[in-house]
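The values are calculated or read from the model by the stated rules, or taken from the named source; none is laboratory data. For clarity, every value in this text was computed on a predicted model and none was experimentally measured. In this analysis, Cβ positions are derived from the backbone assuming ideal geometry, glycine residues included, and neighbour counts consider all displayed protein chains. Protein only, heavy atoms only, side chains kept; ligands, DNA and RNA dropped before computing areas. Shrake-Rupley method; radii C 1.70, N 1.55, O 1.52, S 1.80 Å.
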Amino acid sequence: MVWEDGKQISKNAFCVDLPKELLKELRDYADQMGITDMYRRLLVADGQPLLPGTEYKKDFQGYNWMVQRPKSHWASNMHWTSPADETAHDDYLRVLSAGGFDEVLEKVGAYFNLEGLSAYHLSFIGVSHCEKGFIHADVNDSGRKAFNMIIPLILQEDEGPELEILSDDETLTQYYKYKYNVASMVGDNALHATASCDYQTQSSKPTTTTTTTTTPTTIKNGGETIMRMAATVYIGDITPENVNHLLMSLTQAYPPVGNAQHLLDRAGSHWSKSNPSKKLPVPI
Ligand SMILES: [Fe+2]
């Protein structure tokens with residue numbers, strides 16, 4: 001991830017070009033499962049968001065998922081929903097396969113000279129309002145072998161940048177604007193936050209013809225739910241050295257909390273430097 005001045009401030013923050021078919025596959029999946037509609041209900045201005053720090057299991061089309069809202073220090077109405085067991089996880093993996101994600105694994109594996117890769121944790125995230133994002137890293141101390149990829153599915157393209165990136169020395173902040181068909185990808189200790197946003201209300205802005213007139217605060221588009229939604233895919237070259245670090249970063253139901261052997265058994269299952277038959281499960 002390089003800024004206008006040509007500088008890179010976070011050595012483990014990247015942009016990754018995606019196959020064009022991935023966006024449609026993931027959008028259609030989120031729509032068919034009922035996930036997009038769920039987010040519209042959770043994120044509408046007068047809707048019913050979860051209380052911060054709560055979660056519940058939810059059935060989407062016969063698959064077990066978990067819906068969560070992080071604690072209040074996130075200062076946003078972002079929610080996460082992720083497969084709650086391996087059956088639901090594998091169903092999501094098949095959609096990534098249909099969208100051409102195998103070639104993304106190949107590119108990342110080759111770029112970082114990894115031995116193998118697994119897509120080990122998946123979710124959809126949605127947000128419509130954020131006061132001030134909580135600075136955090138998604139992955140720590142993997143040996144530059146694991147990353148969280150954020151794949152934009154619904155963007156508000158006229159709004160400001162969505163992702164705040166803090167420099168590795170924590171002295172500089174840059175703002176990244178999401179684009180369709182490009183993932184942002186953060187790895188070891190890459191500090192970042194959701195940038196401030198408010199898609200539900202029109203902030204007061206000066207008109208172009210006078211210097212002082214402002215428009216009153218109004219609900220945008222007559223109150224239609226305006227939100228941002230993305231898929232997130234954690235990918236990693238899982239090893240005995242990094243598996244516990246990878247598990248510590250996760251708060252969802254799958255992969256099973258604290259179960260290192262479960263992840264190790266699936267190491268290199270979706271891409272392998274030495275075995276071209278390792279691929280994502282194909283659609284049924
Ligand atoms: Fe994050």
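Against the longest principal axis of the chain, how steep is helix 101-111, in degrees 0 to 90 to the nearest 10, with axes from Cα atoms?
Its long axis makes an angle of about 80 degrees.
For T54, what residues show an amide H to amide H distance below 5 Å, using hydrogens built from the backbone and excluding near sequence neighbours?
It is R69, by chain and number.
How large is the Rg to Rh ratio of segment 106-199 when both quantities use alpha carbon positions and Rh follows Kirkwood?
0.97
Mind checking the per residue accessible area of the chain for me, 1.4 Å probe, whole number of Å²?
47 Å²
If I take the Cα coordinates of segment 1-87 and project them onto the principal axes, what are the three extents in Å, biggest first?
In descending order, the Cα extents are 45, 35, 28 Å.
Treating the angle as unsigned and between 0 and 90°, give the value, to the nearest 10°, between the Cα long axis of helix 86-98 and the longest Cα principal axis of the chain.
So the helix axis and the longest Cα principal axis differ by about 80 degrees.
Measure off, as a whole percent, the carbon and sulfur share of the 1.4 Å-probe accessible area of the chain, all protein chains present.
50 percent
Okay, helix-only estimate at 222 nm for the chain: each DSSP H run of n ≥ 4 adds -39500 (n - 2.57), divide by all residues, round to 500 deg cm²/dmol; what do you get?
The per-residue figure over the chain is -6000 deg cm²/dmol.
Under 5 Å between amide H atoms, partner at least 5 residues away or on a different chain: which partners does M66 have, H built in plane at 1.01 Å?
K58, S82, A84
Can you compute 3J(HN,Hα) from phi for each residue in segment 133-149, using the Karplus curve 6.51 cos²θ - 1.76 cosθ + 1.60 with θ = phi - 60°, rounded to whole Hz and x for Gly and Pro?
Each residue of segment 133-149 in turn: x, 7, 6, 7, 10, 8, 9, 10, 6, 8, x, 6, 10, 9, 8, 10, 9 Hz.
Can you give the accessible area of D28, probe radius 1.4 Å, in Å² rounded to 10?
Around 50 Å² of this residue is reachable by solvent.
When only alpha-carbon atoms are used, what values of Rg and Dmax, in angstrom, describe the chain?
Just the Cα atoms of the chain yield Rg and Dmax of 19.1, 66 Å.
Quick one: what are the phi-derived ³J(HN,Hα) couplings along segment 65-73, Karplus 6.51/-1.76/1.60 with θ = phi - 60°, whole Hz, x for glycine and proline?
Those phi angles translate into 10, 10, 10, 9, 10, x, 5, 5, 5 Hz.
Using only the Cα atoms of segment 74-154, what are the Rg and Dmax in Å?
For segment 74-154, the Cα radius of gyration and maximum Cα-Cα distance read 14.7, 41 Å.
Straight distance only, please: which lysines reach the Cα of K71 with their own Cα at less than 29 Å, same-chain residues fewer than 8 apart left out?
Within the straight-line limit of under 29 Å, K71 reaches these lysines: K11, K57, K58, K132, K145, K177, K179, K220.
What figure, in Å² to the nearest 10, do you get for the accessible area of M38 with a 1.4 Å probe and non-protein molecules left out?
Its accessible surface works out to 10 Å², give or take rounding.
Roughly how much of T87 is accessible, in Å² to the nearest 10, using a 1.4 Å probe?
Answer for T87: close to 90 Å² accessible.
Work through the residues other than L117 whose Cβ is under 14 Å from its Cβ and net out their charges, Lys, Arg +1 and Asp, Glu -1.
Here the count lands on +2.
May I ask for the net charge around L246, where only other residues with Cβ less than 14 Å from the Cβ of L246 are counted and Lys, Arg are +1 while Asp, Glu are -1?
Local net charge: -3.
Taking the 0 to 90 degree range and rounding to the nearest ten, how far is the long axis of helix 20-33 tilted relative to the main principal axis of the chain, both from C-alpha atoms?
Between the helix axis and the principal axis of the chain, the angle is about 80 degrees.
For L153, enumerate residues with amide H under 5 Å from its amide H, sequence gap 5+ or separate chain, H modeled in the peptide plane.
M229, A230, A231
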